[in-house]
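Structure record follows, encoded as structure tokens.
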Amino acid sequence: MAKHPVPKKKAPKSQTSGRFHTYVTNVQKKLKDRIHLVPCPNCKQKHLVHHVCPNCGKYRGRQVLNMGKEIDKITKIKA
């Protein structure tokens with residue numbers, strides 16, 4: 001078995017966090033480039049590309065989600 005190198009002293013927290021800071025910023029830049037928000041042509045709110053608008057419920061000019069419909073809550077359980 002080969003012996004692994006062992007540090008003589010504990011590395012400070014600033015050195016450790018600085019080593020990974022570049023990696024974190026690069027990942028954030030890649031994610032920022034991948035998330036594309038576009039304004040909805042109907043309500044002008046931003047939403048993800050190729051997704052239904054969460055504000056108005058339309059996708060490519062069609063009404064996909066019925067946003068005006070209220071969900072009836074069950075208040076009594078019938079046995």
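Every read-out reported here was derived from the displayed coordinates using simple, explicitly stated rules and does not represent laboratory data. Keep in mind that what you see is a predicted model, and the values were worked out from it rather than measured. Note: ideal-geometry Cβ built from the backbone for every residue, glycine included; neighbour counts use all protein chains shown.
What the table shows:
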read-out	value
Ranked list, fewest to most other Cβ atoms within 10 Å of each Cβ, for LYS13, LYS3	LYS3, LYS13
Dipole of the chain, positive direction: furthest Cα of GLN15, TYR59, ASN42, with charges on the beta-carbon	GLN15
Nearest-0.05 FRET efficiency for GLN28 and LEU48, computed from C-beta distance (R0 22 Å)	0.75
Exposure proxy ranking, count of Cβ atoms within 10 Å, fewest first, for HIS21, HIS47	HIS21, HIS47
Alpha carbon Rg of the chain, scaled by the compact-globule rule 2.2 N^0.38 Å	2.21
Relative contact order (percent, whole number), the chain, Cα cutoff 8 Å, 6+ residue spacing	12 percent
On Cα atoms only, tilt of 13-34 relative to the major axis of the chain in degrees	30 degrees
Separation of the THR75 and VAL6 label points, Cα + 7 Å toward Cβ, nm	7.1 nm
Cβ-based exposure ranking for MET1, MET67, in which fewest neighbours within 10 Å come first	MET1, MET67
